[in-house]
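K.L.:
Quick one: structure below, then a few questions.
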Amino acid sequence: MLSDRTRLVAVTAASNLIGTRPRIAEIARAVHEAGALLYVDGVHYTAHCLVDVEQLGADFFTCSPYKFLGPHHGVLAARPALLETLRPDKLLPSSDAVPERFELGTLPYEFLAGTRAAVDFIAGFDTGATGTRRDRLAAGYRALEQHEETLRTRMEKGLATLDGITVHSRAAERTPTLLLTFDGRSAADAHRFLADRGVHAPAGSFYALGASRRLGLGDTGGLRAGLAPYNTADDVDRLIEGLADFLRS
Ligand SMILES: Cc1ncc(COP(=O)(O)O)c(C=O)c1O
């Protein structure tokens, strides 16, 4: 779809519906060859992967700290020179400097402090790590990825023992975010059944309507089981046991 008329390409670094992680660096090369800019939605990605904006080739990279254990506010990373070229609507007396130009007024200092604390928290996941904060953050993400990968494998193996479930998350590179549907049973029923057992796996399309429709799931979507650093093998086992009971019920 790229042509010399393309100015901006927006793509997700990871699907919050099925976990797919497109090859952003390759996409960036194609986009830049076409003379366009790349905007990367890293909201789901940042919860599971170390971000390197340069390596990804993103001209704009956005994320939401509440997805990586922080408070809820928006983050945009871009080159200052590029941000200079953008003129958002703003109140006359508010600053026109970059980056203040993109803020709504007084900065949310408590959110900024919370975001910094969340980054420090992840940088502390590998208690043996040393070096700069970036080094420790990279080590923290390695620990996080290892933990989530182990649990995802456990979850996928458990799901493979159950009949009547379709797992829609099959991309070669993916986050531990599995979308499930059930033969003849609704995902909403599965969600309620699991919730009664203290297992939180919500049902829906999670704003990813395009992906849900493309998968043939319409606007209904499916049941999403996702993993985070605080999950344990016991959580996974309770999910699998709950689903087995649901399928028998
Ligand atoms: C991939 C992706 N993009 C964007 C968003 C929206 O983020 P926010 O709620 O901060 O607007 C979400 C939230 O779930 C998401 O998963």
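K.L.:
Of all residues in segment 208-229, which are part of a loop (DSSP other than H, G, I, E, B), more than 16 Å from the chain's Cα centre (by Cα) and of a type outside the set (A, V, I, L, M, F, W, C)?
P.N.:
Of segment 208-229, the ones part of a loop (DSSP other than H, G, I, E, B) are 208, 215-221, 227-229.
Now restrict to residues that are more than 16 Å from the chain's Cα centre (by Cα): 215-221.
Those that are part of a loop (DSSP other than H, G, I, E, B), more than 16 Å from the chain's Cα centre (by Cα) and of a type outside the set (A, V, I, L, M, F, W, C): 216, 218, 219, 220, 221.
K.L.:
Could you check, for segment 168-176, whether at least one of its residues is among the hydroxyl-bearing types (Ser, Thr, Tyr), within 16 Å of the ligand (Cβ to nearest atom), open to solvent by 70 Å² or more (accessible area, probe 1.4 Å) and in contact (Cβ under 8 Å) with a residue 12 or more places away in the chain?
P.N.:
No.
K.L.:
Please verify whether segment 79-86 includes one or more residues that are within 11 Å of the ligand (Cβ to nearest atom), in a helix (DSSP H, G or I) and in contact with a Phe, Trp or Tyr (Cβ under 9 Å, 6 or more places away or on another chain).
P.N.:
Kept after step one, since they are within 11 Å of the ligand (Cβ to nearest atom), are these residues of segment 79-86: none.
Looking through segment 79-86, none of the residues is within 11 Å of the ligand (Cβ to nearest atom), in a helix (DSSP H, G or I) and in contact with a Phe, Trp or Tyr (Cβ under 9 Å, 6 or more places away or on another chain).
K.L.:
With of a type outside the set (A, V, I, L, M, F, W, C), surrounded by 14 or more Cβ atoms within 10 Å (Cβ to Cβ) and over 20 Å from residue 17 (Cβ atoms) as the only criterion, which of 140, 164 stands out?
P.N.:
On the way: 164 fails: surrounded by 14 or more Cβ atoms within 10 Å (Cβ to Cβ).
Among 140, 164, only 140 is of a type outside the set (A, V, I, L, M, F, W, C), surrounded by 14 or more Cβ atoms within 10 Å (Cβ to Cβ) and over 20 Å from residue 17 (Cβ atoms).
K.L.:
Could you check segment 156-207 and list, in sequence order, the residues that are of a type in the set (Gly, Ala, Ser) and in a loop (DSSP other than H, G, I, E, B)? Working first, answer last.
P.N.:
Going residue by residue through segment 156-207, those that are of a type in the set (Gly, Ala, Ser) are 158, 160, 164, 169, 171-172, 184, 186-188, 190, 195, 198, 201, 203-205.
Across segment 156-207, the qualifying residues are 164, 169, 171, 172, 184, 186, 198, 201, 205.
K.L.:
For segment 204-219, what are the residues that are away from the ligand (no atom under 15 Å from the Cβ) and either open to solvent by less than 50 Å² (accessible area, probe 1.4 Å) or closer than 18 Å to residue 243 by Cβ (or both)? Before you say what the answer is, go through the steps one by one.
P.N.:
The first filter runs over segment 204-219 and keeps only residues away from the ligand (no atom under 15 Å from the Cβ), leaving 213-219.
Passing the criteria: 217, 218.
K.L.:
Related question: Which residues, taken from segment 1-31, are away from the ligand (no atom under 12 Å from the Cβ), open to solvent by less than 40 Å² (accessible area, probe 1.4 Å), small (Gly, Ala, Ser) and out of contact with any strand residue (DSSP E or B) (no Cβ under 6 Å at 6 or more places or on another chain)?
P.N.:
25
K.L.:
Oh, and also: Of the residues that make up segment 115-133, is at least one over 26 Å from residue 148 (Cβ atoms) and away from the ligand (no atom under 16 Å from the Cβ)? First the steps, then the outcome.
P.N.:
The initial filter retains those residues of segment 115-133 that are over 26 Å from residue 148 (Cβ atoms), namely none.
For segment 115-133, residues over 26 Å from residue 148 (Cβ atoms) and away from the ligand (no atom under 16 Å from the Cβ): absent.
K.L.:
Now for a separate question. Any residue at all in segment 121-130 that's in a helix (DSSP H, G or I), within 30 Å of residue 90 (Cα to Cα) and within 17 Å of the chain's Cα centre (by Cα)? Reasoning before the result, please.
P.N.:
Step one: list which residues in segment 121-130 are in a helix (DSSP H, G or I), which gives 121-123.
Narrowing further to those that are within 30 Å of residue 90 (Cα to Cα): none.
Taking every residue of segment 121-130 in turn, none turns out to be in a helix (DSSP H, G or I), within 30 Å of residue 90 (Cα to Cα) and within 17 Å of the chain's Cα centre (by Cα).
K.L.:
Within segment 37-75, how many residues are more than 11 Å from the ligand (Cβ to nearest atom), assigned to a strand (DSSP E or B) and open to solvent by 20 Å² or more (accessible area, probe 1.4 Å)?
P.N.:
2
K.L.:
Between a residue in segment 49-66 that is of a type in the set (Gly, Ala, Ser) and any residue that is open to solvent by 20 Å² or more (accessible area, probe 1.4 Å), which pairs come within a Cβ distance under 6 Å, given they are 6 or more apart or on different chains?
P.N.:
Pairs found: 57/25; 64/43.
K.L.:
Sticking with this structure for a sec: For segment 183-201: of the residues being touching a helix residue (DSSP H, G or I) at 6+ places or on another chain (Cβ under 6 Å) and either aromatic (Phe, Trp, Tyr) or open to solvent by less than 40 Å² (accessible area, probe 1.4 Å) (or both), which is nearest to the ligand (Cβ to nearest atom)?
P.N.:
Pass one, segment 183-201, residues touching a helix residue (DSSP H, G or I) at 6+ places or on another chain (Cβ under 6 Å): 190, 193-194, 197, 199, 201.
Filter again for either aromatic (Phe, Trp, Tyr) or open to solvent by less than 40 Å² (accessible area, probe 1.4 Å) (or both), leaving 190, 193-194, 199, 201.
Numbers: 190: 20, 193: 24, 194: 20, 199: 20, 201: 15 Å.
Once the filter is applied, the top-ranked residue is 201.
K.L.:
Moving on to the next point. Those residues that are among the hydroxyl-bearing types (Ser, Thr, Tyr), under 24 Å from residue 85 (Cα atoms) and not in a loop (DSSP other than H, G, I, E, B), I need them from segment 4-34; list them, please.
P.N.:
Filtering segment 4-34 for residues among the hydroxyl-bearing types (Ser, Thr, Tyr) gives 6, 12, 15, 20.
Narrowing further to those that are under 24 Å from residue 85 (Cα atoms): 6, 12.
Of everything in segment 4-34, just one residue is among the hydroxyl-bearing types (Ser, Thr, Tyr), under 24 Å from residue 85 (Cα atoms) and not in a loop (DSSP other than H, G, I, E, B), namely 12.
The values are calculated or read from the model by the stated rules, or taken from the named source; none is laboratory data. Predicted model only: the values in this text are computed from it and were never measured. Cβ atoms come from the backbone with ideal geometry, glycine included; neighbour counts cover every protein chain shown. Remember, those area values only see protein heavy atoms, side chains included, never the ligands or the DNA or RNA. Shrake-Rupley method; radii C 1.70, N 1.55, O 1.52, S 1.80 Å.
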